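Accompanying notes for the structure given below.
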């Protein structure tokens with residue numbers, strides 16, 4: 001009986017996610033509602049800053065700064081990898097070039113290596 005209950009919960013959560021996406025899409029399409037939403041988000045952010053739940057890097061101790069920057073570096077690395085893979089997969093989706101045109105220019109993902117070769 002537990003697997004069925006879990007499945008029902010997952011289905012409910014999926015429906016809820018879809019409904020939220022649609023709601024946010026409607027808000028984004030209406031400029032007035034979107035402006036109101038932005039004001040509300042900004043007010044909530046400022047309230048969190050006043051409460052101390054969100055701290056800027058300037059307010060952190062050096063140890064906390066190092067820890068935060070390490071996390072930021074790791075997340076940036078993951079994001080760059082994901083975008084590079086996305087670019088590669090999009091390159092295969094493009095249709096082949098016609099006979100009139102030459103081959104498409106090669107896409108080099110590693111810009112540091114490319115800069116080193118030019119020097």
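Grab the Cα-Cα distance for residue 82 and residue 43, subtract it from 0.36 nm times how many residues apart they are, and report the gain in nm with one decimal. Each step should come with its number before you reach the end.
Working: separation 39, 0.36 × 39 = 14.04 nm, distance 3.23 nm.
Going from the current span to full extension adds 10.8 nm.
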Considering the Cα trace of the range 1-44, what is its radius of gyration and what is Dmax, both in angstroms? 15.7, 47
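Throw me the Rg/Rh for the range 37-87, computed over C-alpha atoms with Kirkwood Rh, two decimals. Mind dumping the intermediate values first?
Working: Rg = 15.2 Å, Rh = 13.2 Å.
On the Cα set of the range 37-87, Rg over Rh gives 1.15.
Here, each number is a calculation from the coordinates, and none is a lab measurement. For clarity, every value in this text was computed on a predicted model and none was experimentally measured.
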